[in-house]
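Worksheet: one structure, shown below.
The values are calculated or read from the model by the stated rules, or taken from the named source; none is laboratory data. The structure displayed is predicted, hence computed values, not measured ones. Note that each Cβ is placed from the backbone with ideal geometry, even for glycine, and that neighbours are counted across all protein chains shown. What goes into the accessible areas is simple: the full protein's heavy atoms, side chains included, and nothing from ligands, DNA or RNA. Shrake-Rupley method; radii C 1.70, N 1.55, O 1.52, S 1.80 Å.
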Amino acid sequence: MMACASSLSMMVLVLVAAMAAAATAQLSATFYDTSCPNALSTIQSVVTAAVNNEPRMGASLLRLHFHDCFGCDASVLLADNGTFVGEQGALPNKGSLRGFDVVGNIKTQVEAVCQQIVSCADILAVAARDSVVALGGPSWTVLLGRRDSTTASKTNADNDLPSPSFDLVNLTTAFSNKGLSTADMVALSGAHTIGQAHCHDFRDRIYNETPHQLCLRDVAPGQLPTNLISQKGLLHSDQVLFNGSSTDNMVMIFASSAAAFSSAFATAMVNMGNISPKTGTAGEIRLNCSRVN
Ligand code: HEM
Ligand SMILES: *[C@@H]1O[C@H](CO)[C@@H](O)[C@H](O)[C@H]1NC(C)=O
Ligand SMILES: *[C@@H]1O[C@H](CO)[C@@H](O)[C@H](O)[C@H]1NC(C)=O
Ligand SMILES: *[C@@H]1O[C@H](CO)[C@@H](O)[C@H](O)[C@H]1NC(C)=O
Ligand SMILES: *[C@@H]1O[C@H](CO)[C@@H](O)[C@H](O)[C@H]1NC(C)=O
């Protein structure tokens, strides 16, 4: 009996391990090389034009991928209508997520070169990378082959996305719930060197914590660690990363080496892009990123 039970659990373990490996193995850098060889260059040209037109758009597209990626299935792009409630009205998204029009433009261009081949979830992942590159930040190889959801969950978006009032333990938990390490979380928070935040997100911090007079962030990828060390983190959730705890050391390393930060950020972006993608025959390839087919 014992032997039987343990070999069964061995088999289950092997199966679970094989399935986990298969889920990641299905994303691949070469996914569109034969099915849509111009996909990546098409996405990049729309992103570069949009960022040249408005640098903040690069920040907005990066954030859109992050807010999708606590799922990586383009669920965040599904627009609300009379019968459908998606994620765009969730608290972390409402009134602050931007870039939907640019994603729509990318999708139109991509559909013109290859019909219903390239997913909206992959468009978000590539657009995030191309945005960071267009803003002078590091590059990385984007793994591809995600498919698009046919549903969205406002509740999950509300519960799973981190809040700017989070302390270190809350942040660590939110990221580890998605399989991301503390090192990933610290590196990814470096994204807050670019873009803008609404005053309500940091009002408490400005008046009750360290005074900080900036409302708009400068476009300078990689500056976050230096800002944190000088106690100039914009969000409470940023400053807790350098406030006498275990993450101080990582912030110091990133502040003293742009290369270390770039490399950790690139690795963390790939890890974030691997969060529960839909692959194989799951989901669909949307024709219009804002609605299910
Ligand atoms: C660590 C937990 C995080 C928290 C609590 C957080 C929270 C926030 C908040 C409150 C804003 C301002 C939104 C507004 O007022 O308009 C913001 C902006 C932004 N976040 Fe995060 N964020 C986190 C992680 C990330 C990650 C992982 C990324 C990407 C890798 C990211 C990228 C951005 C960018 C680029 C902006 C500026 C967007 C724009 O200007 O349109 N954030 N974040
Ligand atoms: C952070 O986590 C603690 C412990 O789980 C919890 O009591 C607290 O309410 C959380 N803070 C926020 C802002 O969610
Ligand atoms: C930093 O730590 C101090 C001392 O524990 C605490 O009073 C303060 O609220 C913390 N600030 C941030 C932004 O975490
Ligand atoms: C995509 O769908 C949205 C929501 O239904 C609609 O507003 C938009 O015009 C559509 N885009 C295209 C290119 O058809
Ligand atoms: C509302 O959105 C859902 C999800 O995208 C879609 O299935 C449905 O067709 C839309 N309804 C209308 C009336 O556009």
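Can you pull out every residue in region 63-81 that is away from ligand 2 (no atom under 16 Å from the Cβ) and not in a helix (DSSP H, G or I)?
Within region 63-81, C69, G71, C72, D73, A74, L78, A79, D80, N81 meet the criteria.
Go through (1) within 12 Å of ligand 1 (Cβ to nearest atom); (2) assigned by TED's automatic domain parsing to the domain that holds L62; (3) β-branched (V, I, T) one by one and return the number of the condition T172 breaks.
(2)
I'd like to check which helices (runs of 4 or more DSSP H) are fully inside region 182-293 and have at least 3 residues that are open to solvent by less than 30 Å² (accessible area, probe 1.4 Å), at negative phi and modelled with pLDDT under 90.
So the answer is 224-229.
Residues of region 130-168 being among the charged types (D, E, K, R) and within 16 Å of ligand 3 (Cβ to nearest atom), which ones?
Selection gives D167 alone.
For the subset of region 149-173 comprising residues that are within 14 Å of L91 (Cα to Cα) and part of a loop (DSSP other than H, G, I, E, B), which member is farthest from ligand 2 (Cβ to nearest atom)?
Checked region 149-173; the qualifying residue farthest from ligand 2 (Cβ to nearest atom) is S153.
Which residue pairs have Cβ atoms closer than 7 Å, lie 6 or more positions apart in sequence or on different chains, and pair a first residue in region 68-93 that is more than 13 Å from S149 (Cβ to Cβ) with a second residue that is buried (at least 23 other Cβ atoms within 10 Å of the Cβ) and acidic (D, E)?
From residues that are more than 13 Å from S149 (Cβ to Cβ), the pairs are N93/E87.
How many of the residues making up region 236-293 are within 27 Å of L78 (Cβ to Cβ), away from ligand 5 (no atom under 16 Å from the Cβ) and under 20 Å from the mean Cα position of the chain (by Cα)?
Looking only at that region, the number is 12.
Please count how many residues of region 87-136 are open to solvent by 50 Å² or more (accessible area, probe 1.4 Å) and within 16 Å of ligand 2 (Cβ to nearest atom).
The total comes to 1.
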